[in-house]
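Notes follow once the structure below has been shown.
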Amino acid sequence: DFVSTAMTMKGTLSEKVGTDLSQAEKQKQSIQEVRRSLPVFPYREDLLSAIKDHQILVIEGETGSGKTTQIPQYLFEDGYTKGGMKIGCTQPRRVAAMSVSARVAQEMGVKLGNEVGYSIRFEDCTSERTVLKYMTDGMLLREFLTEPDLASYRPRFSVLISNIASATLDTERFSCFFDDAPVFRIPGRRFPVDIYYTKAPEADYLDACVVSVLQIHVTQPPGDVLVFLTGQEEIEACCELLQERCRRLGSKISELIVLPIYANLPSDMQAKIFNPTPPGARKVVVATNIAETSLTIDGIIYVIDPGFCKQKSYNARTGMESLIVTPCSRASANQRAGRAGRVAAGKCFRLYTAWAFKHEMEETTVPEIQRTNLGNVVLLLKSLGINDLIHFDFMDPPPHETLVLALEQLYALGALNHLGELTKLGRRMAELPVDPMLSKMILASEQYKCSEEVLTIAAMLSVNNSIFYRPKDKVVHADNARMNFVVPGGDHLVLLNVYTQWVESGYSTQWCFENFIQFRSMKRARDVREQLEGLMDRIEVEVCSANGDIVPIRKAVTAGYFYHTAHLSKGGYKTVKHQQTVYVHPNSSLFEEQPRWLIYHELVFTTKEFMRQVIEIDSSWLLEVAPHYYKSKELEDSSSKKMPRKQGKAREELG
Ligand code: ADP
């Protein structure tokens, strides 16, 4: 985790009110003891003086040594926030920003959101009083939009880059990149970790995880277990299996506390992983790779590593982004193993062979900027006045073609002119903290007079496929409930229908429960919608409704997502620009219907290239919304006649 801490600050902490030596006081004392026990603590003074002497400093230390939680507090204690200044600390992940700020607020004895707060997309937990602000990198970039000189972090603006010790190479690269900035090393404290491999590859790593956890629980001395899986679904499945097996074993085994952690988990649940394990029990944390570097859980002695992670990848030729489960890198595997050796000697069980580790895994993970769609970044940089992106001094330059494609896409969306300069539309698009295509869709809703509906759709799309609840033991009921929401036109309109009915129910939890809808996701959609609606004023979009007419809504979607058009021909669906074969996702409301032309929200590769969230369009709309991108020749087959139904076969194939 690279944590850049921009500093200097404002205001004083609320006066500490004298109280008797109560429970709270004792807890405070123990918190201070914990703070003093962290590896960074002995270096407090040296660090402060190095920071005083250098405007840019690269700080290296083991994960969990206290870089993120302590250094900002040291600066605060040293008076850096006097005179109205702030300390900002960027985090690579939302979860990390939330969890670390909660911890720091606790350590400082303040309420989260007051002196210590966090800011992540669609969620701003800070106030006038906030002097210590944890945020995702993206949010810091956004702050440049409103405050280009970051004045509240000056006058003496410093950058601290903190890096994990195992990535020594990176430390040198950082230092080099910042004109040989000095490096401050916090010596690590690390216990040996024994590594075990499997003799043969595991056919089912989920099952292997469950078995390994139980084996550890029954045969190994006390110590908590950390399991690395790739995402929410896997994690939930693993937790369920573990709980079920424990129930069956009953009192034959001691208590096993099973806790999931992933990005979409509600924050009260996230906090649970940090609760100390009661004596006699054992804790198992089942995590995504956020527990690799971004979160440190004390007490872990055993790590189970199946060797996979979910990775974003981007095909610059077709402009397609996908999230694929892939083997993790050796660097990742070693970082995972290291998590077992923080408090005592530990053990790491790798559910793959030593051969696979040596020969099948990549040395390091490719930086995210090199495998993602850069539309967002480019739009933001352009609006910060950085015009020449081709020659921009990136630390890890993204592939040339990715950059060019991002520029082309922004041009096609109308955000840039033919000279590559930001247009008025582009400037407005940059104000919205969402992908350029989604921004464009929202802005287009102004012209089509359907912003009410489009805002809802945008919010529902942002909560990421977690609207419908489909528990394994009630699949039939859940699917029926889902069918009841189907309306003509496509999935976007289904989502709109769900939201509208929920509003009519008075935002009811009971309604969600009865309709197999996830209340949590709906609440989040409502938050996102409110935030987006709040921004409409700023970009001068009037919020109005199409009053039941679905054509304008679909046109607005088309205006944003015309890149994502697929066309049905004899062989099935193909994307219009790249002739790539794609399939309607079996969960889609249009799975049976097979419209000639459709637009998809995203493409995911699981067993096939599936289009998720699709909407039916008329091909003539493409010429209307993107005349510079589509030629009428490409769209010749514009009849709205439907093809004979034959996806029944595809469904069988899927099982
Ligand atoms: P680094 O940035 O060097 O990786 P951190 O500052 O994140 O280290 O962690 C320092 C300590 O703070 C660790 O012992 C970690 O367990 C603890 N910690 C971090 N976040 C929380 C939290 N939300 N609750 C409890 N403890 C936490």
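Computed quantities for the displayed model
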read-out: Positions within the range 183-217 being part of a loop (DSSP other than H, G, I, E, B), β-branched (Val, Ile, Thr) and at pLDDT below 95, in sequence order; value: 186
read-out: Filter result for residue 643 (at pLDDT 80 or above and either more than 34 Å from the chain's Cα centre (by Cα) or crowded, with 17+ Cβ neighbours inside 10 Å (or both)); value: no
read-out: Residues of the range 230-252 that turn out to be surrounded by fewer than 14 Cβ atoms within 10 Å (Cβ to Cβ) and assigned to a loop (DSSP other than H, G, I, E, B), as a count; value: 0
read-out: Residue list for the range 65-81, filter: more than 16 Å from the ligand (Cβ to nearest atom) and surrounded by fewer than 19 Cβ atoms within 10 Å (Cβ to Cβ); value: 78, 79
read-out: Verdict on residue 273 being in contact with a strand residue (DSSP E or B) (Cβ under 8 Å, 6 or more places away or on another chain) and within 16 Å of the ligand (Cβ to nearest atom); value: yes
read-out: Residue 460, sole failed condition from (1) buried (at least 22 other Cβ atoms within 10 Å of the Cβ); (2) more than 30 Å from residue 240 (Cα to Cα); (3) within 23 Å of the chain's Cα centre (by Cα); value: (2)
read-out: Count - residues of the range 366-414 that are under 30 Å from residue 334 (Cβ atoms) and surrounded by 18 or more Cβ atoms within 10 Å (Cβ to Cβ); value: 6
read-out: Residue within the range 45-64 that is of a type in the set (Asp, Glu), out of contact with any Lys or Arg (no Cβ under 8 Å at 6 or more places or on another chain) and over 22 Å from residue 171 (Cα atoms) present; value: no
read-out: Failed condition for residue 449, given (1) in a helix (DSSP H, G or I); (2) at pLDDT 95 or above; (3) not hydrophobic (A, V, I, L, M, F, W, C); value: (1)
read-out: Unique residue being more than 17 Å from residue 192 (Cβ to Cβ), at pLDDT 95 or above and of a type outside the set (Gly, Ala, Ser) when the list is 297, 304; value: 304
read-out: Test: residue in the range 566-582 that is more than 27 Å from residue 452 (Cα to Cα), hydrophobic (A, V, I, L, M, F, W, C) and not in a loop (DSSP other than H, G, I, E, B); value: yes
read-out: Pick from the range 39-64, criterion near the ligand (Cβ under 9 Å from one of its atoms) and either under 24 Å from the mean Cα position of the chain (by Cα) or among the aromatic types (Phe, Trp, Tyr) (or both), ranking: farthest from residue 335 (Cα to Cα); value: 64
read-out: Positions within the range 483-534 being surrounded by fewer than 17 Cβ atoms within 10 Å (Cβ to Cβ), part of a helix (DSSP H, G or I) and among the aliphatic types (A, V, I, L, M), in sequence order; value: 483, 503
read-out: From 280, 250, residue being touching an Asp or Glu at 6+ places or on another chain (Cβ under 9 Å), modelled with pLDDT under 95 and more than 29 Å from residue 163 (Cα to Cα); value: 280
read-out: Failed condition for residue 319, given (1) on the phi < 0 side of the Ramachandran plot; (2) of a type outside the set (S, T, N, Q); (3) at pLDDT below 90; value: (1)
read-out: Residue match in the range 292-315 (condition: more than 13 Å from the ligand (Cβ to nearest atom), under 28 Å from residue 402 (Cα atoms) and acidic (Asp, Glu)); value: no
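The values are calculated or read from the model by the stated rules, or taken from the named source; none is laboratory data. Bear in mind that the values here come from a model prediction, so they are computed numbers and not experimental data. Every residue, glycine among them, receives a Cβ derived from its backbone with ideal geometry; neighbour counts consider all protein chains shown.
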